[in-house]
1. Hey, Leu52 hits all of (1) touching a Ser or Thr at 6+ places or on another chain (Cβ under 9 Å); (2) open to solvent by 10 Å² or more (accessible area, probe 1.4 Å); (3) aliphatic (A, V, I, L, M); (4) in a strand (DSSP E or B) but one; which does it fall short on?
2. Look at Val73 and say whether it is modelled with pLDDT of 90 or more, part of a helix (DSSP H, G or I), hydrophobic (A, V, I, L, M, F, W, C) and more than 26 Å from His134 (Cα to Cα).
3. If a residue has to be closer than 22 Å to Ile3 by Cα and in contact with a Leu (Cβ under 8 Å, 6 or more places away or on another chain) to count, how many in the range 66-94 make the cut?
4. Among the numbered criteria (1) within 16 Å of the chain's Cα centre (by Cα); (2) outside any strand (DSSP E or B), which one does Glu81 miss?
5. Scan the range 90-98 and tell me whether some residue there is at pLDDT 95 or above and of a type in the set (Gly, Ala, Ser).
6. If a residue has to be open to solvent by 70 Å² or more (accessible area, probe 1.4 Å) and within 22 Å of Phe64 (Cβ to Cβ) to count, how many in the range 14-37 make the cut?
7. Can you find a residue that is charged (D, E, K, R), over 23 Å from Asp83 (Cβ atoms) and at pLDDT below 90 anywhere in the range 3-12?
8. What is the one condition in (1) touching an Asp or Glu at 6+ places or on another chain (Cβ under 9 Å); (2) more than 20 Å from His130 (Cβ to Cβ) that Gly41 does not satisfy?
Amino acid sequence: MTILRQQLLGALRASLQADAQLTARVAIGESVLDALDEAAGSTLVIHRGGELPRRTNMGVTDRFCEVLATVIVRAPAPDVEADRILEIAHPIIVALDLPGLISIEESVDGGADPPMFGESNSNLCLCTTHYVMHYRTSGDSLGGKLTDG
């Protein structure tokens, strides 16, 4: 069984991949390291940060997982292009609606990191926006299924 947060992240990547306007500008990935190894092009990487579990008295655990949307851009004005990509991706991310997912919203604490530029390549930029995904598992498991039942 796959950990529920990984199923949710995979579904989010699939939602982003299904948007033609977004994929005309950027590839969708799951590894920042792989995206940085690419020779050219831009990638929107959806990956996880930390997670805070809160056990409830109902035998379930509410989980608050940080979702990171990191854009790696190679362009003459890479920070501007990263913002254009995030402008398209943001409404798709916050509109995600799946069984098991309670909410996903931009992090009030994390927000967006400042752009990081390549040391030897000013056309390379990495920009990350932080989101919080609230989902629920049984008290004794990280797993679950994306089903209504």
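1. (1)
2. Numbers: modelled with pLDDT of 90 or more: yes; part of a helix (DSSP H, G or I): no; hydrophobic (A, V, I, L, M, F, W, C): yes; more than 26 Å from His134 (Cα to Cα): yes.
In short, no.
3. Let us first name the residues in the range 66-94 that are closer than 22 Å to Ile3 by Cα, namely 66-70, 93-94.
Then keep just the ones that are in contact with a Leu (Cβ under 8 Å, 6 or more places away or on another chain); that gives 67, 69-70, 93.
Matching residues across the range 66-94 total 4.
4. (1)
5. Looking through the range 90-98, at least one residue is at pLDDT 95 or above and of a type in the set (Gly, Ala, Ser).
6. Keep residues of the range 14-37 that are open to solvent by 70 Å² or more (accessible area, probe 1.4 Å), which gives 17-18, 20-21, 24-25, 30, 33-34, 36-37.
After this cut, where a residue has to be within 22 Å of Phe64 (Cβ to Cβ) as well, the list is 30.
Residues that pass the stated criteria total 1.
7. yes
8. (1)
The values are calculated or read from the model by the stated rules, or taken from the named source; none is laboratory data. The structure displayed is predicted, hence computed values, not measured ones. Heads up, the Cβs are rebuilt from the backbone with ideal geometry, glycines too, and the neighbour counts pull from every protein chain shown. Ligands, DNA and RNA are excluded from the accessible area calculation, which covers all protein heavy atoms including side chains. Shrake-Rupley method; radii C 1.70, N 1.55, O 1.52, S 1.80 Å.
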